[in-house]
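For reference, the structure is listed below as structure tokens.
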Amino acid sequence: MENGIIKTRVDRGHVEVDACILWCIDPRFRQALWDFEKAQKFGHIDVIKVAGGAKALAGNGATKKVLVEQVGASIRLHKPKVIVPMFHHDCGAYKPLNLKGETEDDFLRGEVVKATKSLQHFGLPIMPVIVSFDEITVL
Ligand SMILES: [Zn+2]
């Protein structure tokens, strides 16, 4: 960096992406995103990062509308082949988590079902993932 200028190189061509991914902002899970991209052999991707990943899609708050709009923009602009709603263990956006006797994984699988319903109208394949501290489960 010299005089506040950082050199970069951005491709000026139009880009289409392999996936539109809704991922949590939690920096502990950045490596998991890279591992997931690599395992799926994704090239270009759109990543929509918000606290809770796809959590807002499972609810009815204001963020849900924004997320659906952002996924719509990704589809319109970059034509992803698949939508990936992500959930993860120990997510601060869910705290305090009241599990009512179920496991955290079971709870998150229930959230996946709700979030997936919010994405079905786009007509694209949906590949939900649940990330723990040592595994990425592709549902
Ligand atoms: Zn999180």
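Any read-out appearing in this document is the output of simple, stated calculations on the displayed coordinates, not a laboratory observation. These figures come from a predicted structure and were not determined experimentally. So basically every Cβ, Gly included, is an ideal-geometry build from the backbone, and we count neighbours across all protein chains shown.
Please report the relative contact order for segment 80-139, taking Cα pairs under 8 Å with a sequence separation of at least 6, and give it as a percent rounded to a whole number.
Computed over segment 80-139, the figure is 49 percent.
Restricting the count to DSSP beta bridges whose residues both fall in the chain, what percent are antiparallel, rounded to a multiple of 5?
Antiparallel: roughly 20 percent of the beta bridges in the chain.
From the phi of every residue in segment 33-43, what ³J(HN,Hα) in whole Hz does the Karplus formula 6.51 cos²θ - 1.76 cosθ + 1.60 yield, where θ is phi - 60° and glycine or proline is x?
Whole-Hz 3J(HN,Hα) from phi for segment 33-43: 5, 4, 5, 5, 4, 5, 4, 7, 6, 6, x.
In which sequence would Asp26, Asp90 go, from the one with the fewest C-beta neighbours within 10 Å to the one with the most?
Asp90, Asp26
Note down the relative contact order for segment 19-138 as a percent, whole number, built from C-alpha pairs under 8 angstrom at least six residues apart.
Averaging sequence separation for qualifying contacts and normalising by length gives 31 percent for segment 19-138.
For Val113 and Leu77 in one chain, what is 0.36 nm times their gap in residues minus the Cα-Cα distance, to one decimal in nm?
10.3 nm
From the backbone phi of segment 50-57, what are the Karplus-calculated ³J(HN,Hα) couplings (6.51 cos²θ - 1.76 cosθ + 1.60, θ = phi - 60°) in whole Hz, Gly and Pro given as x?
Ordered by residue, 3J(HN,Hα) equals 9, 4, x, x, 8, 3, 4, 5 Hz.
Could you tell me what fraction of 2.2 N^0.38 Å the Cα radius of gyration of segment 19-138 comes to, as a two-decimal ratio?
0.99
Please list the non-local residues whose amide H lies under 5 Å from the amide H of Ile48, H modeled 1.01 Å from N, same-chain partners needing a gap of 5 or more.
The answer is Ile21, Leu22, Trp23.
Please arrange Asp11, Asp35 by how many other C-beta atoms lie within 10 Å of their C-beta, fewest to most.
Fewest-to-most ranking of Asp11, Asp35: Asp11, Asp35.
Sorted from fewest to most neighbouring beta carbons within 10 Å, what does the list Thr8, Thr137 look like?
Fewest to most other Cβ atoms nearby, the residues stand as Thr8, Thr137.
Can you give the helix-only mean residue ellipticity at 222 nm for the chain, where every DSSP H stretch with n ≥ 4 adds -39500 (n - 2.57) and the sum goes over all residues, rounded to the nearest 500 deg cm²/dmol?
It comes out at -10000 deg cm²/dmol, rounded to the nearest 500.
How high is the relative contact order of segment 13-55? Use alpha-carbon pairs under 8 Å, at least six apart in sequence, and give a whole percent.
61 percent
Could you tell me the center-to-center distance, by alpha carbons, between segment 1-63 and segment 72-96 in angstrom?
9 Å
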